[in-house]
Amino acid sequence: MGASPDGVVMVQQGLTARWRSRGVPASPSLPLVERVAATRGLRGEAFGAFLHPELTHLHDPSLMPGLEAAAERLVAAVRSGERIAIYGDYDVDGISAAAILFHLIRALRPDADVVTYVPHRLEEGYGLNAEALCTLAREGARVIVSVDCGVTARVPAEALRSLAPDVDLIITDHHNLPANADQLPPAFAVVHPRLADLPGFAGAGDSRYPFGELCGAGVAYKLAWRLATLWCGTQRVTPELRRLLLELLALASMGVVADVVPLVGENRVLARFGLGRIRGSTLPGLRELVDVSGLGNERVDAADVGFKLGPRINACGRLGHAREALELLTTATPERAREIAEMLTKRNNERRNIEKRIFEQACEMVQSAGMHLADRRGIVLAHDDWHPGVVGIVCSRLVERFHRPAILLKRDAECCHGSGRSIDGFSLHGAIESCREHLLSFGGHDMAAGLKVRADALEAFAAGFIDRCNAGIDASRLCPEHCFDADAALPELTLEALDQLERFAPFGRENPGVTLRVRGVRVATRPELLGSTGRHVAFHVAHQGRVVRVLGWDMAGTLAEADRQRGAPALSLNDTIDVLLTPEINAFRGTRSVQGTLLDFAPAREAT
């Protein structure tokens, strides 16, 4: 056992990963929920606000730079009947953001001339497209508002201004800003929660927005909120608009979860209040999406959005055109909504098959190229046959497997285009930007990005990117690691305690599920294999008179390999072990009981 540079104790090595305390351990005399909170830096009023979020914790939208001007221009356009075009991105965040503004504008004036546009991922690429902007202007749009894209789209914005100087472009975005204010696109207004941090921004200081990590749908929701109050001329909007703003929290929460922004601050408030509204939504498209996802009788949580609802929406844009997904959440009738939702499910199944094939190929390429070794702390791969709409998901799986940033590209004759994903603490956008001389275009944020690389510069880009990863990622971060919140004893894992821990939800980036270390438990039953293929493991552990069942998902293969290497069982009846688990409540057949999802285990060791 040793100490990390930041002073957090590196605890012990488990069977599959190194274990580390998430923060400075709290006093063992505190109740379990308070120990978990203290380890996460939540004390006093901050702890209370975190466990009991309120919609009143959302900041005044007018504090966001550019938002007031944008809202005033949009309200004027609605009142005068000007055509408004909403230009969205093709992922869940962008689709949700576009739908939020569409529904709010139509609520202000049911006959409002508002249209939506989403680019084709493969034909037009990420972000604002000059040809599309100019087409919207020629078709009569007097105001074009982007959602979830555009903050670095200077060239397309200049093309629009050159063709149609009387068309007002409003950009709303949350992605990484350009290097300085001079590089912002020419626009009537740029709305971005971190705009005041930009060097050279006129009005920095007092205009800083209190929370800079909103997703695109979160920014759109703030704009929709201000549109409603501005339209009514008071902070107290009409009952109809109030009901709609509460309804639109469901869409905002989907953007928060699917875009993997930090689930803290305003994002957590939006997710907490929005997730609970998804299943009972009055939007036909959202109802049908929930139903085809098998969630019609379930409470929808962040995992459901991340693994069931979100992938269906994304699949539309990955394998085809995202306009159907946008139609689903805006104008679709119940009958049309069902048709689209079923189509999205089919597309998602196709996407999963393609993803599996690419992942297997990529893993082989990583191994053969030595990109899994400590001297190459980044992954850059290209292939002629890879689908550029799917490689981003595969990147996420490669990051989980190899614990380093990954970029996968579809190789064409003139360029290679694809996506990348990163690890916490390493800016993918910054690393890509440092190699921009090899790029045709790029955009995104610290954790995810899209890019186009010149075909003749692929090797140079890969070398430069990996050099940046080597310099910015310590070798110790290349191995798997589990962080836990607190030590706990089995008797502490009561239904009441787990109900309290559930208040830390929704879980996601920077607010992960609660993980506990339980020391010195006895293996009380022989491990048994579960699942049709025997991939999972279950057994009971006992300590201080308490017995709890634990389940190790996909752990059978790991145990078999450990047995083979040791020449003896890694886990046997009556062994004394330390376990790392996520406590949860099993409500099988209406009876609630405590169980644990086993993340890892190790031979018991004395506390130090």
Item to check | Residue check for ALA107: modelled with pLDDT of 95 or more and in contact with a Pro (Cβ under 8 Å, 6 or more places away or on another chain) | outcome: no
Checklist outcome for this item: Flagged in the range 561-608 as open to solvent by 60 Å² or more (accessible area, probe 1.4 Å), touching an Asp or Glu at 6+ places or on another chain (Cβ under 9 Å) and part of a loop (DSSP other than H, G, I, E, B), in numbering order, are PRO569, ARG605, ALA607
Checklist outcome for this item: Those residues of the range 520-553 which are open to solvent by 10 Å² or more (accessible area, probe 1.4 Å), among the β-branched types (Val, Ile, Thr) and either touching a Gly at 6+ places or on another chain (Cβ under 9 Å) or not in a loop (DSSP other than H, G, I, E, B) (or both) amount to VAL547
Checklist entry - Which one of LEU67, LEU128, LEU104 is in contact with a strand residue (DSSP E or B) (Cβ under 7 Å, 6 or more places away or on another chain), of a type outside the set (Ser, Thr, Tyr), open to solvent by less than 30 Å² (accessible area, probe 1.4 Å) and under 18 Å from ALA252 (Cα atoms)? => result LEU67
Next on the checklist: If I ask for residues that are touching a residue at least 40 places away in the same chain (Cβ under 8 Å), aliphatic (A, V, I, L, M) and crowded, with 17+ Cβ neighbours inside 10 Å, which ones from the range 450-475 would you list?
Outcome noted: LEU451, VAL453, LEU458, ALA462, ILE466, ILE473
Checklist entry - Looking only at the range 382-396, which residues are closer than 20 Å to SER368 by Cα, assigned to a loop (DSSP other than H, G, I, E, B) and open to solvent by less than 40 Å² (accessible area, probe 1.4 Å)? => result TRP386
Item to check | Answer residue from the range 177-200, given it is surrounded by fewer than 20 Cβ atoms within 10 Å (Cβ to Cβ) and part of a loop (DSSP other than H, G, I, E, B) and is modelled with the lowest pLDDT among those | outcome: GLY200
Item to check | Selected residue (criterion: most open to solvent (accessible area, probe 1.4 Å)) from residues of the range 288-314 that are of a type in the set (Val, Ile, Thr) and touching a residue at least 24 places away in the same chain (Cβ under 8 Å) | outcome: VAL292
Item to check | When residues of the range 501-519 are limited to those that are open to solvent by 10 Å² or more (accessible area, probe 1.4 Å) and over 25 Å from the mean Cα position of the chain (by Cα), the one nearest to ALA258 (Cα to Cα) | outcome: ARG517
Checklist entry - Can you pull out the residues in the range 132-166 that are outside any strand (DSSP E or B), of a type in the set (Val, Ile, Thr) and either under 23 Å from MET64 (Cα atoms) or in contact with an Asp or Glu (Cβ under 8 Å, 6 or more places away or on another chain) (or both)? => result VAL151, THR152
Item to check | Criterion: open to solvent by less than 40 Å² (accessible area, probe 1.4 Å) and of a type in the set (A, V, I, L, M) - qualifying residue of ALA49, ALA37 | outcome: ALA37
Checklist outcome for this item: For the range 231-271 the number of residues that are assigned to a helix (DSSP H, G or I) and either among the aromatic types (Phe, Trp, Tyr) or within 27 Å of PRO334 (Cα to Cα) (or both) is 23
Checklist entry - In this structure, is ILE379 β-branched (Val, Ile, Thr), open to solvent by less than 60 Å² (accessible area, probe 1.4 Å), modelled with pLDDT of 95 or more and touching a strand residue (DSSP E or B) at 6+ places or on another chain (Cβ under 6 Å)? => result yes
Checklist outcome for this item: Selection from the range 106-116 of residues touching a helix residue (DSSP H, G or I) at 6+ places or on another chain (Cβ under 6 Å) and either more than 26 Å from GLU240 (Cβ to Cβ) or in a helix (DSSP H, G or I) (or both) yields ALA107, LEU108
Next on the checklist: Step by step: first the residues of the range 131-150, then only those that are in contact with a strand residue (DSSP E or B) (Cβ under 6 Å, 6 or more places away or on another chain) and more than 23 Å from CYS215 (Cα to Cα), then the one that is surrounded by the fewest Cβ atoms within 10 Å (Cβ to Cβ). Which residue is that?
Outcome noted: GLY140
Checklist entry - Quick one: how many residues across the range 345-371 are in a loop (DSSP other than H, G, I, E, B) and either exposed (fewer than 13 other Cβ atoms within 10 Å of the Cβ) or under 25 Å from the mean Cα position of the chain (by Cα) (or both)? => result 1
Checklist entry - Exactly one of (1) within 20 Å of ILE86 (Cβ to Cβ); (2) open to solvent by 20 Å² or more (accessible area, probe 1.4 Å); (3) in contact with a Lys or Arg (Cβ under 6 Å, 6 or more places away or on another chain) is unmet by GLY317. Its number? => result (2)
Next on the checklist: So GLY285 ticks every box in (1) under 30 Å from GLU459 (Cβ atoms); (2) without any contact (Cβ under 8 Å) to a residue 60 or more places away in the chain but one. Which box is left unticked?
Outcome noted: (1)
Next on the checklist: Of all residues being of a type in the set (Val, Ile, Thr) and either more than 21 Å from ALA455 (Cα to Cα) or open to solvent by 40 Å² or more (accessible area, probe 1.4 Å) (or both) in the range 398-432, which is modelled with the lowest pLDDT? Just the residue, please.
Outcome noted: ILE423
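The values are calculated or read from the model by the stated rules, or taken from the named source; none is laboratory data. Quantities reported herein were computed from a predicted structural model and do not represent experimental measurements. Heads up, the Cβs are rebuilt from the backbone with ideal geometry, glycines too, and the neighbour counts pull from every protein chain shown. What goes into the accessible areas is simple: the full protein's heavy atoms, side chains included, and nothing from ligands, DNA or RNA. Shrake-Rupley method; radii C 1.70, N 1.55, O 1.52, S 1.80 Å.
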